[in-house]
Amino acid sequence: MVFKRELENELQAWKASPHRKPLVIRGARQVGKTTTVNAFAGSYDTYVSLNLERPEDLRLVENDLPFRDVLQRIFLEKGVQRRGETLIFIDEIQNSPRAVELMRYFFEDEPGMHVIAAGSLLEIMMEKQRVSFPVGRVEYRYMFPSSFSEFLAACSEQEALSLLRQVPVPSWALPRLFDLFHRYAQIGGMPEAVERYSRSRDVTE
């Protein structure tokens, strides 16, 4: 996925907020959560990413170590020296109730560190394992498949996007916008499909 997602603007606002809390991004698989966070991470001096589907990353949080030791171990084993603004991204957090539990300590003991977690099927995990995110210590955003506006931007349809944002939309622009919307409906909003179409303009691909 090479096109900008609207969630990136929300992440920038979250980063700048004086009331920022650790952030949990919810959304189905393959909607672009990881790619969007990785792109956003470019605005930080230090970035550490954990994918809890990987055993080597899972073992960094699934232990009985105190929070400070867990944090030190993450930087040690990732070979990263913490400097300046730091972002830690915990991907596929649904695989570790212990990682969910640690979110409260990021809020309480490391408020200057920026932390984002993402996962799929979080509600199922929370119900089956009776795990819940610490109330009042995290905030949430939802990520959905690509919107029509994102589709237009990905396809470099800047004039159509500008007209779509006008209220009311000029009547003479409606036939072209409807044509584009029908193509968006054919392709669907999954980012990989949108990205491929934006390159090839071939709906069969």
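The table below lists the values:
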quantity	calculated
Which listed residue, of Leu23, Leu76, Leu58, is modelled with pLDDT of 95 or more and under 23 Å from Phe144 (Cβ atoms)	Leu23
Qualifying helices (runs of 4 or more DSSP H) (wholly inside segment 111-205; at least 3 residues being open to solvent by 40 Å² or more (accessible area, probe 1.4 Å))	122-128, 158-164, 174-187, 191-200
Lone unmet requirement of (1) out of contact with any Asp or Glu (no Cβ under 7 Å at 6 or more places or on another chain); (2) touching a residue at least 24 places away in the same chain (Cβ under 8 Å); (3) outside any helix (DSSP H, G or I) for Leu65	(2)
Filtered residues of segment 21-45 (kept if open to solvent by 50 Å² or more (accessible area, probe 1.4 Å) and more than 18 Å from Asn95 (Cα to Cα))	Lys21, Thr35, Asn38, Ala39, Gly42, Asp45
Residues of segment 4-59 satisfying the condition of being within 14 Å of the chain's Cα centre (by Cα) and assigned to a loop (DSSP other than H, G, I, E, B)	Lys4, Arg5, Glu6, Pro22, Gly27, Ala28, Arg29, Gln30, Val31, Gly32
Options Phe106, Phe89, Phe75: the member that is crowded, with 17+ Cβ neighbours inside 10 Å, in contact with a strand residue (DSSP E or B) (Cβ under 8 Å, 6 or more places away or on another chain) and in a helix (DSSP H, G or I)	Phe106
Candidates Val48, Val100, Val70, filtered to the one that is buried (at least 17 other Cβ atoms within 10 Å of the Cβ), over 26 Å from Arg196 (Cα atoms) and out of contact with any strand residue (DSSP E or B) (no Cβ under 9 Å at 6 or more places or on another chain)	Val70
Close pairs (8 angstrom Cβ cut-off, 6 or more residues apart or separate chains): within 11 Å of Met113 (Cα to Cα) in segment 82-93, open to solvent by less than 10 Å² (accessible area, probe 1.4 Å) and of a type in the set (S, T, N, Q) anywhere	Arg82/Thr46; Arg83/Thr46; Gly84/Thr46; Glu85/Thr46; Thr86/Thr46; Leu87/Thr46
Cβ pairs under 9 Å, 6+ apart, first in segment 154-165 and closer than 21 Å to Gly32 by Cβ, second surrounded by 17 or more Cβ atoms within 10 Å (Cβ to Cβ) and among the β-branched types (Val, Ile, Thr)	Ala154/Val194; Cys155/Val194
Any hit, segment 178-195, residues being more than 30 Å from Val70 (Cβ to Cβ), among the polar types (S, T, N, Q) and touching a residue at least 24 places away in the same chain (Cβ under 8 Å)	no
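The values are calculated or read from the model by the stated rules, or taken from the named source; none is laboratory data. These numbers come from a predicted model, not from an experiment. Neighbour counts are summed over all protein chains in view; Cβ atoms, including those assigned to glycine, are modelled from backbone coordinates with ideal geometry. We work out accessible area using only protein heavy atoms, side chains counted, and drop any ligands, DNA or RNA first. Shrake-Rupley method; radii C 1.70, N 1.55, O 1.52, S 1.80 Å.
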